[in-house]
Each structure stands twice: as structure tokens, then as C-alpha cells.
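Have a look at the structure below, then the notes.
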Amino acid sequence: MSDENISKKIHVWDIPVRLFHWSLVALFCFSFYSGKTGGFELMDYHMYSGYTVLTLIIFRILWGFFGGRYARFSHFIQSPVKIAKYLGSLKNTTDKTTLGHNPAGGLSVIIMLLLLLGQGLTGLFTNDDIMLEGPLTHLVSYDQSRSLTGLHETISWLLVGVISLHIFAIVFYRVVRKVNLVKPMVTGQVEVNIEDEVEQQAAEGTMVLLLRGIGLLALCSGFVYWIINYL
């Protein structure tokens, strides 16, 4: 059998997931830079960036239940035993390509989502005593606001650590396992050796998912807007 017959392109990452991923990359870089640099005008944009990140994280959590096959939590959340078994098998470069997040990647996604959610929520209560005051600081005491501000700062550095590990994993897979994890997040497709019927099961309506994603993002945006302006 020829390689042409064996090789199959599987559509794995739907458009909403890809747009979420790259938007979050840009927003986190800007939020981190603006948060550490400071300045009155820059901090205004920092807050808007934070609101957008919070909207995206809420969207991604919901998309984990209503999104495409490989975006759903049910597809990539694994038990600690399976995660440990997978990590132990990383030295085996002959393993077949994982469709979607592998067990370790799935764990990193959950950790990053939780940290980013915590970062966005604590940001609503921040108070630096100079120029920045979150929209929900009136709901907590001054001491609580200062504690949440400190937590907001701590989470930002935890995120830098987790993201650094994420980048290291991408490089490791590219160099050691000869797997390009970045390209599929751009094209949405993974080329693997796989049966035709599995490809058919993976196929999903692109337009349906896109429209569902737009509707869900609109709901998340409205929810965050309500929190900021009416709580």
C-alpha cells in the first residue's frame, strides 16, 4: 500500500478554537506587557484586554461542552493514570499521532484555563492605590481588594511558567518526535495514518460550528459586559 493511500488529513481544530487560541496569545502578551509597564493610558487598554481575555476564557469553557469533537473536554480530559502512562511513553517516537490534545496537553489546557479565569476574575477587583481600580472593587473591602491584587500579580507569573512549559513541549515534539503542533492550529488539519471511517466520524459542519461559536461568543460578551457595568 502506498503512502498516498495511508496518509489522511483529518480536520481536528474547528475555526472557533483556532481563533480563540491565536487571539488569546496576542491578548496575553499585551496584557502582560501593559501590566508590567504601567502608565495611565496603557493601563486603560490593559483593563480592556483583560475583559476580552475573560470573555474568551468563558467562551472556551462553554465550547468545551458545545464545540467540535476535539475541542470538547470529554475528548481530552484523562485520568492521572493515563496522563502518567502517556508521559512515560514520550521516548517512543513511533507512536501514532494523537488527534486533538494528548493526555498531557489536555492537562495543560485545563491548568491554563483555570489560571486565566482566575487572572481575569481577580482583575475585576484590583486596586493599585494610584490609577487602577477594577469595576467590582466596590463589592469587597479595601484589604480584600489589595489581597486580590496581589493574587492577580502572582497568577500572571504562574501563567508565564505554564506557557513556558507549553512552548518547551512544542519544541520537544518538533525536534524529538518530529510532530508539528503549530501548523494544525493554523490550518485545522492533522495528517496521520488512519482509517477512512474515523475520518468520516471526525468530519463536522464547519459553518454550523462557526455560527454556533459566534452566537456563544456574543452571549459571553454580553455576560462580561453586564458584570462590568451592572454588578
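See the values below:
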{"quantity": "Of residues in segment 98-121 being more than 12 Å from the chain's Cα centre (by Cα) and closer than 20 Å to ASP14 by Cα, the one modelled with the lowest pLDDT", "calculated": "THR98"}
{"quantity": "Test: residue in segment 71-79 that is surrounded by fewer than 12 Cβ atoms within 10 Å (Cβ to Cβ) and at pLDDT below 85", "calculated": "no"}
{"quantity": "Residue list for segment 147-157, restricted to those being without any contact (Cβ under 8 Å) to a residue 24 or more places away in the chain and small (Gly, Ala, Ser)", "calculated": "SER147, GLY150"}
{"quantity": "Residue list for segment 128-146, restricted to those being without any contact (Cβ under 8 Å) to a residue 60 or more places away in the chain, more than 19 Å from VAL224 (Cα to Cα) and not in a helix (DSSP H, G or I)", "calculated": "ASP128, ASP129, ILE130, SER141"}
{"quantity": "Total residues in segment 25-73, condition more than 21 Å from LEU158 (Cα to Cα), among the small types (Gly, Ala, Ser) and either in a helix (DSSP H, G or I) or over 16 Å from the mean Cα position of the chain (by Cα) (or both)", "calculated": "3"}
{"quantity": "Residues satisfying the stated conditions in segment 20-66, i.e. surrounded by 13 or more Cβ atoms within 10 Å (Cβ to Cβ) and over 26 Å from ASP128 (Cα atoms)", "calculated": "PHE20, HIS21, SER23, PHE59, ARG60, ILE61, LEU62, TRP63, GLY64, PHE66"}
{"quantity": "Residue under evaluation ARG60, criteria (1) at pLDDT 90 or above; (2) of a type in the set (Lys, Arg); (3) over 23 Å from VAL224 (Cα atoms), criterion not met", "calculated": "(3)"}
{"quantity": "Matching residues, segment 155-176, being surrounded by 13 or more Cβ atoms within 10 Å (Cβ to Cβ) and β-branched (Val, Ile, Thr)", "calculated": "ILE155, VAL162, ILE163, ILE170"}
{"quantity": "Test: residue in segment 178-200 that is surrounded by fewer than 16 Cβ atoms within 10 Å (Cβ to Cβ) and at pLDDT 95 or above", "calculated": "no"}
{"quantity": "Residue selected from segment 33-55 under the condition polar (S, T, N, Q) and modelled with pLDDT of 90 or more, by the criterion farthest from LEU136 (Cα to Cα)", "calculated": "SER34"}
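The values are calculated or read from the model by the stated rules, or taken from the named source; none is laboratory data. Not measured: the values here are computed from a predicted model. Note that we place each Cβ from the backbone using ideal geometry, even for glycine, and neighbour counts take in every protein chain shown.
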